[in-house]
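Notes follow once the structure below has been shown.
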Amino acid sequence: MVFTCRQCGTCCMYLGDYIVIEKQTGLFTFACESVSTGTPFVAVIDEDKRAIFSDHSFPDQHPHACRFLRPDGDLVRCTIHRDSPAQCKYYRCVVMRISDYAGTQIGYVTGNLSLHADDPGLRAVWEEAEREIPLRHPDAEHLFRQVLEAHGYRVE
Ligand code: SF4
Ligand code: SF4
């Protein structure tokens, strides 16, 4: 599936400890650190999001959310889209939705190839595939998909 971010903000709701503002250096400019990689970066609030960023009620109500997350109508958006760290830019919350033979979705796979499913049969198939396919294989996503389809699952 081609991944399209719906800008729901769910993945950023608990990243306040990972994307950290070290210092405000200008009206809309911040010295930051991506804690998980130990990478410093400069963030300038996107020009078209400065109005929503200036309303601090959302971060006040959600202390664990990333400090740069803000609601915008029906969306919950990153206000530093241009300057956000690479792991944010390339994050994909769903790359496969897995259904059983009846068409009922029973699991999904994230961009780092983690299965989220309770179904024991699906979990067993996935774990067996994990023993065979190195996650760093350049075609790993496609190979996992082939294994699932060979076992009768539908993958979108
Ligand atoms: S990547 Fe994050 S913001 Fe985008 S759809 Fe997935 S959970 Fe929502
Ligand atoms: S920098 Fe943007 S994409 Fe990254 S966690 Fe914060 S709000 Fe989400």
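Matching residues to (1) within 13 Å of ligand 1 (Cβ to nearest atom); (2) touching a Phe, Trp or Tyr at 6+ places or on another chain (Cβ under 8 Å); (3) of a type in the set (A, V, I, L, M):
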position	(1), (2), (3)
Cys8	yes, no, no
Val35	no, yes, yes
Asp60	no, no, no
Arg70	yes, yes, no
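Does segment 113-140 hold any residues that are of a type in the set (Val, Ile, Thr) and farther than 12 Å from Ile98 by Cβ, and which are they?
Of everything in segment 113-140, just one residue is of a type in the set (Val, Ile, Thr) and farther than 12 Å from Ile98 by Cβ, namely Ile133.
From Leu75, Leu115, which residue is among the hydrophobic types (A, V, I, L, M, F, W, C) and more than 14 Å from ligand 1 (Cβ to nearest atom)? Can you show your working first?
Values: Leu75 fails: more than 14 Å from ligand 1 (Cβ to nearest atom).
Result of the check over Leu75, Leu115: Leu115.
Table: residues versus (1) out of contact with any helix residue (DSSP H, G or I) (no Cβ under 8 Å at 6 or more places or on another chain); (2) buried (at least 18 other Cβ atoms within 10 Å of the Cβ); (3) under 27 Å from Cys8 (Cβ atoms); (4) not charged (D, E, K, R).
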| site | (1), (2), (3), (4) |
| --- | --- |
| Asp60 | yes, no, yes, no |
| Ala65 | no, yes, yes, yes |
| Arg82 | yes, no, yes, no |
| Cys93 | no, no, yes, yes |
| Arg97 | yes, no, yes, no |
| Ala102 | yes, no, no, yes |
| Gly111 | yes, no, yes, yes |
| Ala129 | no, yes, no, yes |
| Leu148 | no, yes, yes, yes |
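List every residue pair whose Cβ atoms sit under 6 Å apart, with the two residues 6 or more apart in sequence or on different chains, where the first one lies in segment 74-89 and is under 19 Å from Pro40 (Cβ atoms) and the second, anywhere, is open to solvent by 30 Å² or more (accessible area, probe 1.4 Å) and within 11 Å of ligand 1 (Cβ to nearest atom).
Close Cβ pairs (under 6 Å, with a partner that is open to solvent by 30 Å² or more (accessible area, probe 1.4 Å) and within 11 Å of ligand 1 (Cβ to nearest atom)) amount to Ser84/Cys78.
Yes or no: Gln105 without any contact (Cβ under 8 Å) to a residue 40 or more places away in the chain, over 21 Å from Cys32 (Cα atoms) and within 16 Å of ligand 2 (Cβ to nearest atom)?
no
Would you check which residues across segment 21-34 are within 11 Å of ligand 2 (Cβ to nearest atom) and either surrounded by fewer than 16 Cβ atoms within 10 Å (Cβ to Cβ) or within 17 Å of Tyr90 (Cβ to Cβ) (or both) and list them?
Result: Ile21, Ser34.
The values are calculated or read from the model by the stated rules, or taken from the named source; none is laboratory data. Everything numeric in this text was worked out from a predicted model, so none of it was measured. Counting neighbours? That spans all protein chains shown, and the Cβs are built from the backbone with ideal geometry, glycine included. In case anyone asks, the SASA skips ligands and DNA or RNA and just uses the protein heavy atoms, side chains included. Shrake-Rupley method; radii C 1.70, N 1.55, O 1.52, S 1.80 Å.
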